[in-house]
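What follows is a set of notes on a single structure, which appears directly below.
The values are calculated or read from the model by the stated rules, or taken from the named source; none is laboratory data. Note that the coordinates shown come from a computational prediction; the quantities given were computed from them, not determined experimentally. Here the Cβ positions follow ideal geometry from the backbone for every residue, glycine too, while neighbour counts run over all protein chains shown. The accessibility values were calculated without ligands, DNA or RNA, using every heavy atom of the protein model including side chains. Shrake-Rupley method; radii C 1.70, N 1.55, O 1.52, S 1.80 Å.
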Amino acid sequence: MSRDWSQREGPRPFILGLTGSIGMGKSTVAGMLRDLGVPVFDADAEVHRMQGPGGELLPAIEAAFPGSTGPEGVKRAELGALVFGDDAALARLEAIVHPAVASERYDFMDANWTAPIVCFDVPLLFERTGRAGLDAVAVVSAPADEQRRRVLARPGMTESKFEDILARQMPDDEKRRRADYVIDTGTTLEETREQVAQMVETLRQRHAS
């Protein structure tokens with residue numbers, strides 16, 4: 001298909017962008033969307049695959065960051081140490097990763113062109129890619145104290161790492177302000193699932209019209 005699907009003739013899926021700050025429950029909501037039959041493109045999962053054993057990004061990453069890869073793929077601790085807190089190094093890594101993810105995203109759209117709704121799960125949607133090409137954006141959100149509790153419970157996470165990540169992300173209240181839909185995960189799973197189901201039903205009606 002054309003690398004610019006906005007130029008493709010005929011009906012296309014309603015394209016939903018899904019985003020949210022670290023620890024807000026975005027992966028949980030993405031799983032709920034899949035359960036409802038919505039194809040989801042997970043940018044993070046694609047990055048992990050392309051950086052895993054035999055991944056296509058390994059040669060370029062090794063060239064830019066010697067010693068950061070091995071037979072098992074990217075050595076996350078080593079690569080993290082090279083880019084953590086270094087904006088220039090992070091930009092070099094993103095210049096390798098982002099075009100490859102974009103190519104996979106086009107392939108995903110080609111495979112799901114007849115679906116009524118597709119979803120792009122993009123952690124840094126507002127911070128990096130913007131909403132160009134999307135029909136709506138859903139932001140996953142939870143209270144700040146719950147976010148902190150979830151993130152600090154992750155293995156290897158520290159207060160300083162958490163604060164550095166937060167500093168690189170748009171504040172949650174601004175994301176919510178820019179969103180077309182806000183999914184609250186600071187409640188029960190059943191209540192969150194109901195919010196997701198209501199949103200999907202609304203999007204299906206929008207697509208049908």
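Quick look at the numbers
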{"read-out": "Members of region 27-49 found to be modelled with pLDDT of 95 or more and buried (at least 19 other Cβ atoms within 10 Å of the Cβ), listed by number", "value": "29, 30, 32, 33, 38, 40, 41"}
{"read-out": "Any pair with Cβ under 7 angstrom, 6 or more apart, that starts in region 129-152 at a residue that is open to solvent by 60 Å² or more (accessible area, probe 1.4 Å) and ends at one that is in a strand (DSSP E or B)", "value": "131/17; 131/137"}
{"read-out": "Residue 200 being at pLDDT 95 or above, more than 30 Å from residue 87 (Cβ to Cβ) and open to solvent by less than 70 Å² (accessible area, probe 1.4 Å)", "value": "yes"}
{"read-out": "In region 177-197, the residues that are open to solvent by less than 90 Å² (accessible area, probe 1.4 Å) and more than 21 Å from residue 151 (Cα to Cα)", "value": "179, 180, 181, 195, 196, 197"}
{"read-out": "Criterion: under 18 Å from residue 168 (Cα atoms) and touching a strand residue (DSSP E or B) at 6+ places or on another chain (Cβ under 6 Å) - qualifying residue of 83, 122", "value": "122"}
{"read-out": "3 or more residues over 18 Å from residue 121 (Cα atoms): qualifying helices (runs of 4 or more DSSP H) within region 10-108", "value": "58-64, 76-83"}
{"read-out": "Breaking point among (1) touching a strand residue (DSSP E or B) at 6+ places or on another chain (Cβ under 6 Å); (2) modelled with pLDDT of 90 or more; (3) not small (Gly, Ala, Ser), for residue 105", "value": "(2)"}
